[in-house]
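Notes follow once the structure below has been shown.
The values are calculated or read from the model by the stated rules, or taken from the named source; none is laboratory data. Quick caveat: nothing in here was measured; it's all calculated off a predicted structure. All Cβ positions, glycine included, derive from the backbone under ideal geometry; neighbour counts span all protein chains shown. Areas reflect the complete protein model, heavy atoms only, side chains present, ligands, DNA and RNA absent. Shrake-Rupley method; radii C 1.70, N 1.55, O 1.52, S 1.80 Å.
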Amino acid sequence: MTPAAPAYRRLSVEERRSQLLEAALSLFALRAPEDVSLDDVAEAAGVSRPLVYRYFPGGKQQLYEAALRSAAEELRHCFDEPHDGPLLPRLGRALDRYLAFVGRHDAGFSALLQGGSVVETSRTTAIVDGVRRAAAEHIYSHLGVTGPGPRLRMTVRMWITAVEAASLIWLDEDKDPPVGELRDWLVEQFVALLTVTARRDPQTAEVVRGALAART
């Protein structure tokens, strides 16, 4: 007997939308957004161009923003780490997820952070800033701080900026050093920044004495 062909299953609206967003993100991982066309997305998803327009009638701009929101949501989840155990290993695990995302999306991540894209707008900038704010809030939570003062806020934001810059340089250097070494170095940078700030800020000094006391 000839094996029966697998039954065709029509995708739901959400499944089809997710398929198109995944195809778009895979392309943005290889090329800058302005170099990706709707025809490219349709081909990558194995669908027709009119179908892409059906789901994203605003064209590439709408698709790009939706893809960014999808990526931003994934990035936010990188910091969803349980508040169990010492702080630094928790931070290391969050960085592992973050750097894995960076490694998967490569050029798309670079285009997202570096700007200069012809499809960049205030809305896309707000999406990226939202990820940074979410990351900062997660860090304050893991530090056990509910009302961070200006020096602690500046320190955390400086470190987030350093992580982004290091990630871009890491991609530019063909992902050298190895990702584990980069992760450990970024954790050490975080400790160093807090330690320096603690000399001038009592709140940060309390954080260093408390949250950073156990480093294993």
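Scaled against the 2.2 N^0.38 Å expected of a compact globular protein of N residues, the Cα radius of gyration of the range 45-93 reads 1.84. Projecting the Cα atoms of 169, 196, 210 onto the charge dipole of the range 168-210, computed from C-beta unit charges around the Cα centre, puts 210 farthest toward the positive end. Between residue 77 and residue 35, residue separation times 0.36 nm minus the direct Cα-Cα distance comes to 12.3 nm. Close amide-amide hydrogen proximity is noted between residue 36 and no other residue 5 or more places distant or on a separate chain, at a cut-off under 5 Å (H modeled in the peptide plane; Pro and chain starts excluded). The share of accessible area on the chain that comes from carbon and sulfur is 54 percent, using a 1.4 angstrom probe. The residues of the chain expose on average 55 square angstrom of accessible surface per residue, using a 1.4 Å probe on protein heavy atoms. Residue-wise HN-Hα couplings along the range 17-27, as the Karplus relation 6.51 cos²θ - 1.76 cosθ + 1.60 with θ = phi - 60° gives them from phi, are 4, 4, 4, 5, 5, 5, 5, 5, 5, 5, 6 Hz; Gly and Pro carry x. Taking the Kirkwood radius as Rh and the Cα radius of gyration as Rg, the chain has a ratio of Rg/Rh equal to 1.07. If you add up the charges near residue 133, with Lys and Arg at +1 and Asp and Glu at -1, over every other residue whose beta carbon is less than 13 angstrom from its beta carbon, what do you get? Around residue 133, the charge tally is +2.
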